[in-house]
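The values are calculated or read from the model by the stated rules, or taken from the named source; none is laboratory data. Because the structure is predicted, anything quoted here is derived from the model rather than measured. Reconstructed Cβ throughout: ideal geometry from the backbone, glycine too, with neighbour counts over all protein chains shown.
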Amino acid sequence: MQTIKSRTEMTTMNVVNAVAGAFLFISPWLFGYTGTQTAETSAWIGGLVIAVLAIAAVVALQQWEEWVNLVLGVLVVAAPWLLGFAGITAAMWSHVAVGLVVAVLAAVELWMIQQSPHVTA
């Protein structure tokens, strides 16, 4: 069972993830790379999935959600090179920044889940 403090910390981290996902979603308009189909589609899909998963984790924290977030964060970081838009600086940096935030927060949450004391009957 998680302590109230660690549950609040995890909720805060998931809210940060939701904001990061929303930021990635709107980043094509903020940074002007809406004309690049691959970069903007990656931002929209990645941002939407990150935000939805973060909101789901706020409602009911599950360990698998954090594993998915960790993988998703790594994929978002790698997307500019995997999908070929690393030359678009604004798109690359928005993906890298959001991906790192999501991956690091997921790793911290996984660590916190593993460190929380388990209730025994």
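Summary of values
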item: Single residue of the range 2-30 satisfying the filter (closer than 19 Å to Glu109 by Cβ, assigned to a helix (DSSP H, G or I) and among the hydroxyl-bearing types (Ser, Thr, Tyr)) that is modelled with the highest pLDDT; result: Thr12
item: Subset of the range 72-91 (residues that are more than 22 Å from Trp29 (Cβ to Cβ) and outside any helix (DSSP H, G or I)); result: none
item: In the range 42-99, the residues that are surrounded by fewer than 15 Cβ atoms within 10 Å (Cβ to Cβ), over 19 Å from Thr11 (Cβ atoms) and in contact with a Leu (Cβ under 9 Å, 6 or more places away or on another chain); result: Leu48, Leu82
item: Evaluation of Tyr33 against (1) at pLDDT below 95; (2) part of a helix (DSSP H, G or I) (one fails), failing number; result: (2)
item: Some residue of the range 47-67 being in a helix (DSSP H, G or I) and touching a residue at least 60 places away in the same chain (Cβ under 8 Å); result: no
